[in-house]
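Have a look at the structure below, then the notes.
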Amino acid sequence: MTVAADPSSVPTSPIRTDVLIVGAGPVGLFAAFEAGVIGLTCQIVDILGRVGGQCIELYPDKPIYDIPAIPSCTSRELVERLLAQCKPFDVPIHLEQRVDTVEQRDDGRWTVRTQRGLVFDVAAILLAAGNGAFVPQKLGLPEAVPLEKRHVHYSVPRLADFADKNVVVAGGGDSALDWALALRKVARRVTLVHRRAGFSAADSSVELMRRAVEAGEMDFIVGAIAALDVEDGALRSLTLRQIDGETQLEAEHLIALYGLVADLGPIAQWGLKIHGGRIDVDTSNYESSRPGIFAVGDIANYPNKQKLILSGFHEASLALRKAYAYAYPDKKRVHVHSSYDTKLAEKIGAAG
Ligand SMILES: Cc1cc2nc3c(=O)[nH]c(=O)nc-3n(C[C@H](O)[C@H](O)[C@H](O)COP(=O)(O)OP(=O)(O)OC[C@H]3O[C@@H](n4cnc5c(N)ncnc54)[C@H](O)[C@@H]3O)c2cc1C
């Protein structure tokens with residue numbers, strides 16, 4: 001697996017491959033391995049800056065017990081194992097790329113574009129997009145909208161942007177604590193604001209934060225952000241609602257790290273049959289209502305669908321066998337026993 005280092009560098013000509021896998025969650029990663037086994041080339045895109053989908057974003061340290069032949073592992077370990085499994089096929093993975101548009105050409109192949117200008121020329125598309133693209137949960141305050149990216153932020157692209165600034169970090173999860181701790185080294189002042197004294201972050205981060213507060217390196221306040229006080233288009237302070245009333249907190253920058261929410265986004269406009277935010281598929285091959293576009297994993301909808309990693313693996317395996325027919329229409333059938341090939345065994349053995 002090769003991670004495209006710079007998501008902003010755009011190749012001049014379309015990237016041609018057999019299958020575009022949308023989503024680097026557990027199902028997309030396993031699909032990359034399966035594609036390699038049956039002789040399909042593929043590339044992966046994911047809107048997030050790292051692989052692993054829900055396993056990494058929502059529950060990295062939770063044990064998983066229902067993966068065949070792995071009695072127990074954390075979901076972080078599962079993602080590491082899936083990456084190791086598809087390593088022999090050296091699949092390029094493009095992070096921070098959301099697929100936006102799709103168009104079928106006269107020759108039957110697809111042109112897929114991402115929001116940052118990547119263009120793919122593919123025989124089939126495998127949507128392993130989970131519940132859709134994860135996007136940050138935003139503040140529900142209208143005055144925050146015009147301040148976005150200038151004074152109100154939902155991620156921290158560069159620590160240096162906050163050098164010598166008065167920064168408030170809002171949230172109680174790993175991202176909020178980790179960034180508050182990192183920012184205290186560059187910002188003039190960092191205040192962590194969370195609506196309660198308990199956190200969902202790792203115990204070690206909570207302990208570090210408490211020690212930093214005791215040492216006077218940062219502040220922590222329990223409260224909810226009720227309003228932003230804006231002057232001349234710039235953030236001046238926040239109104240915090242606390243148990244005993246409201247207070248003002250000076251801030252030049254607010255970084256709200258409230259976690260991620262899922263949104264099907266542009267895929268909903270692709271003309272696919274969709275029910276309850278998921279894509280209807282034919283369970284004999286997990287093809288959607290548009291032949292050549294497949295949906296596997298949590299994004300697939302069919303009677304008795306189970307949102308389990310195991311189910312997604314099975315779906316991807318069948319979908320790719322049908323995708324093979326689009327990529328190689330002249331070949332009668334997939335070489336299903338290719339895992340007995342000496343070449344394949346050597347490849348997997350060499351990488352393992
Ligand atoms: C708390 C919790 C515990 C769970 N425990 C278990 C368990 O023990 N066992 C089990 O089997 N299952 C478990 N699950 C369910 C399991 O995590 C999901 O079934 C699994 O993650 C689905 O994998 P996926 O690859 O289909 O989707 P996801 O993991 O959701 O990955 C989809 C990826 O697609 C990307 N994406 C979406 N849209 C786009 C787009 N337009 N462009 C680019 N990228 C896009 C997303 O950013 C994401 O990275 C659990 C779920 C939760 C929430």
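The values are calculated or read from the model by the stated rules, or taken from the named source; none is laboratory data. Remember, it's a predicted structure, so these values are computed and weren't measured experimentally. Here the Cβ is made from the backbone with ideal geometry for all residues, glycine too, and neighbour counts use every protein chain on show.
Of note:
- Residue in region 54-70 that is polar (S, T, N, Q), more than 8 Å from the ligand (Cβ to nearest atom) and assigned by TED's automatic domain parsing to the domain that holds K322 present: no
- Criterion violated by G259 - all others in (1) under 30 Å from V102 (Cα atoms); (2) more than 16 Å from the ligand (Cβ to nearest atom) satisfied: (2)
- Only residues that are in contact with a Gly (Cβ under 6 Å, 6 or more places away or on another chain) and closer than 18 Å to R189 by Cα were counted in region 205-253, giving 1.
- Subset of region 269-279 [surrounded by 15 or more Cβ atoms within 10 Å (Cβ to Cβ), within 10 Å of N301 (Cα to Cα) and either of a type in the set (A, V, I, L, M, F, W, C) or modelled with pLDDT of 95 or more (or both)]: I274, I279
- The condition of being over 19 Å from the mean Cα position of the chain (by Cα), in the same structural domain as A201 (by TED's automatic domain parsing), under 27 Å from Y59 (Cα atoms) and hydrophobic (A, V, I, L, M, F, W, C) does not hold for V145.
- Taking region 37-61 as the range and being within 30 Å of P329 (Cβ to Cβ) and part of a loop (DSSP other than H, G, I, E, B) as the test, the residues that pass are I38, G39, L40, T41.
- Hey, D203 at pLDDT below 95, buried (at least 16 other Cβ atoms within 10 Å of the Cβ) and not hydrophobic (A, V, I, L, M, F, W, C) or not: no
- Flag if S237 is in a strand (DSSP E or B), small (G, A, S) and surrounded by 13 or more Cβ atoms within 10 Å (Cβ to Cβ): yes
- Top-ranked residue in region 139-173 [being without any contact (Cβ under 8 Å) to a residue 60 or more places away in the chain and assigned to a helix (DSSP H, G or I); ranked as nearest to V213 (Cα to Cα)]: L159
- Here is the figure for region 14-46: residues that are surrounded by fewer than 23 Cβ atoms within 10 Å (Cβ to Cβ) and farther than 14 Å from F89 by Cα total 3.
- Verdict on S205 being assigned to a loop (DSSP other than H, G, I, E, B) and polar (S, T, N, Q): no
- Residue in region 88-104 that is under 22 Å from the mean Cα position of the chain (by Cα), surrounded by 14 or more Cβ atoms within 10 Å (Cβ to Cβ) and away from the ligand (no atom under 16 Å from the Cβ) present: yes
- Output for region 274-314, where each listed residue is under 20 Å from the mean Cα position of the chain (by Cα) and either of a type in the set (K, R) or in a helix (DSSP H, G or I) (or both): R278, G297, D298, I299, K307, I309, L310, S311, G312, F313
- Count of region 218-243 residues which are touching a strand residue (DSSP E or B) at 6+ places or on another chain (Cβ under 8 Å) and among the acidic types (D, E): 2
- Near pairs, Cβ below 8 angstrom, 6+ apart or cross-chain, from region 174-192 (buried (at least 23 other Cβ atoms within 10 Å of the Cβ)) to any residue that is polar (S, T, N, Q) and part of a helix (DSSP H, G or I): L177/S205
- Within region 296-334, the set of residues being surrounded by 15 or more Cβ atoms within 10 Å (Cβ to Cβ) and modelled with pLDDT under 90 comprises just one member, V334.
- Condition check for L83: in contact with a helix residue (DSSP H, G or I) (Cβ under 9 Å, 6 or more places away or on another chain), in contact (Cβ under 8 Å) with a residue 40 or more places away in the chain, in the same structural domain as Y326 (by TED's automatic domain parsing) and buried (at least 20 other Cβ atoms within 10 Å of the Cβ): no
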